[in-house]
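Okay, structure first, notes after.
Just so you know, all these numbers are worked out from the coordinates, no wet-lab data involved. Quick caveat, the model's predicted, so the values are computed rather than measured. Glycine also receives a Cβ, built like all others from the backbone with ideal geometry; neighbour counts cover every protein chain displayed.
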Amino acid sequence: MDKTIFKASAQWDKDISVEAFVVFVIEDQAEIEKQTTFLAETDKESVLKSIKADGFKGKKNSIFVHALSQSESARKLIFVGLGEKVKLTDEVLRFAAAQATKTAQSSNIVSLALLATEYLPKRKKVGDSIPDVVEGVLLSQYKFKKYKSPDPDEKKVIAEVVLIHKDKKALQAVKKSIEKGEQYAYGAMLARDLVNEPGDEVTPTVLKEKAEEIAKASPLITCKVLDKTELKKKGFGSILAVARGSEQPPYLVHLTYKPRQATKKKVFLIGKGITFDSGGISLKPSDGMETMKMDMAGAATVLGVFSQIAQSLPRVEVHGLVATCENLPSGTAIKPGDVVTAFNKKTIEVLNTDAEGRMVLADALSYAETFKPDSIVDLATLTGACIVALGNDVAAILGTDQQLIKSVEKASQDAGERMWQLPLEEEYAEAMKSDIADVKNISTPGTGAGTITGALFLKNFVQETPWAHLDIAGPAWSSKEKGYISKGGTGFGVRTLLRFLQDV
Ligand code: BES
Ligand code: ZN
Ligand code: ZN
């Protein structure tokens, strides 16, 4: 994709030559009028007149477009409504930026000057809204086009966006904030690409190679790959069991980011990387099975984060584990009733081969524990039950440490990636006990609470380390386009985790 270049400037300037001015306005008549003061006198009059005629009030998601005649430096004015000032959030700004972008694109406009909004969500300081705007502009233009023939009517990429920030002294901060927004957006876009690729294309080997490529690009990142031989030697019986039905070899990929300044603090991010989940011998119904190419979204999120980590430069050591294989039925596949031994020596009775995500995570979590990290966050498209409970927009968060959960939640609010905590209800752990092994991989029928029992299974492979589990089965994939969220892979989690790592 051609890239959108962002620039920062301290004023609406005659020298800024763009095709359109974009102004964000809150729902307040006086404010709207104030925002026209930069226009040439005759333009200002006609703008105010047609705003009135149009009934534009600055309501959330509303748009007002006006052709300018006097201003030499732009031919169009786009007002985007933000709604009430008291209800302004980062997410409102992201949607507004996405709307401005789409409006411009539909008029074939490729350069914009955007009043880097003076309206800030509560508790924010100058420049804090810039990453939101950059995310909105970039992510709303994302399209997965690899397998499409070229389209002559295709909308042009916005080539240039000048962010105007009135405070001259803040320009440096604005530039930094632009970079932040770019990191969040490009990280999410890599995750989207990986999720959108067919299972045949993004195999476990391809995920492994992507990790190696990311490590190669920065001296701060290293990549260690545990291949099938290594996994066998070290006793990763649970990943190997899931992988057994497939011709594709499994991997446990271990990325490490070390900050330039030494630190003792270590965070592990773990992603479920099932590049296709057919269910295995407990085969899924064929309707909708094609979407199970997205069952590596957790892994894609970890790779998305690592693709930007050498730019975002968190102060802590960050480890990324990608546990990847395919889940297919065959003559060699694992069967319901089989018992396997995980890396921490716990035995698992496999009663349903479709509950495979928790099995690959079991090995990854217990491997992470051997490094004695300060915290572990895992992401997985783990349970259909999570979509029943929270729908397609909201992830579930569960875990053993309320402080860790709170800080992930805080980052997710800033990122506009919604999550809701479910209780790690100990009472239900009983339902995961097996008659013949330490645990079974599905709960006793009738237990319900599938997302919680899935997480309780995982808890067997975590020790004292503060741990948070994100079930992203719903929001990792979108069946429709919504503002800056594209259809298909969403890159959910990348923008939250990059923000989370900044604050730990
Ligand atoms: N990958 C699926 C979960 C899933 C379903 C993700 C729908 C995204 C959308 C997972 O491996 C799975 O099949 N889980 C089973 C667990 C059950 C057998 C206990 C499920 O949810 O049905
Ligand atoms: Zn499954
Ligand atoms: Zn799965």
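How far apart, in nm, are the 7 Å Cα→Cβ label points at SER69 and GLN463?
About 7.8 nm, to one decimal.
Can you tell me the FRET efficiency between GLU212 and LYS155 if r is taken as the Cβ-Cβ distance and R0 is 35 Å, rounded to the nearest 0.05?
0.50
What is the packing order of peptides 43-54, 404-415, 384-395, taking the mean over residues of other C-beta atoms within 10 Å and listing the highest first?
404-415, 384-395, 43-54
To the nearest Å, what is the center-to-center distance of the stretch 83-131 and the stretch 367-385, using C-alpha atoms only?
Each part's Cα centre sits 35 Å from the other's.
If you take every DSSP beta bridge whose two residues both sit in the stretch 197-503, what share of them, in percent to the nearest 5, is antiparallel?
If we restrict to bridges inside the stretch 197-503, about 50 percent are antiparallel.
Would you tally the net charge around GLY83, using a Cβ to Cβ cut-off of less than 9 Å, leaving GLY83 out, and scoring K and R as +1, D and E as -1?
Result for the neighbourhood of GLY83: +2.
Strictly over 19 Å apart at the Cα level, which of LYS210/LYS293; LYS102/LYS482; LYS34/LYS482; LYS3/LYS143; LYS125/LYS166 would you flag in this model?
From LYS210/LYS293; LYS102/LYS482; LYS34/LYS482; LYS3/LYS143; LYS125/LYS166, over 19 Å: LYS34/LYS482.
In Å³ and rounded to a whole number, note down the convex hull volume per residue for the Cα atoms of the stretch 5-185.
119 Å³
Need the full-extension length gain, LYS258 to ASP503, defined as separation in residues times 0.36 nm minus the C-alpha distance. One decimal, nm.
86.6 nm
Could you pull out every one of the aspartates and glutamates with an alpha carbon less than 17 Å from that of LYS346, ignoring same-chain neighbours closer than 8 positions?
ASP338, GLU356, ASP363, GLU369, GLU430, ASP435, ASP438, GLU464
Take the Cα atoms of the chain, find their three principal axes, and give me the spread along each one in whole Å, biggest first.
83, 50, 42
For a quick size check, give me the Cα extents of the stretch 218-266 along its three principal axes, largest first, whole Å.
44, 20, 15
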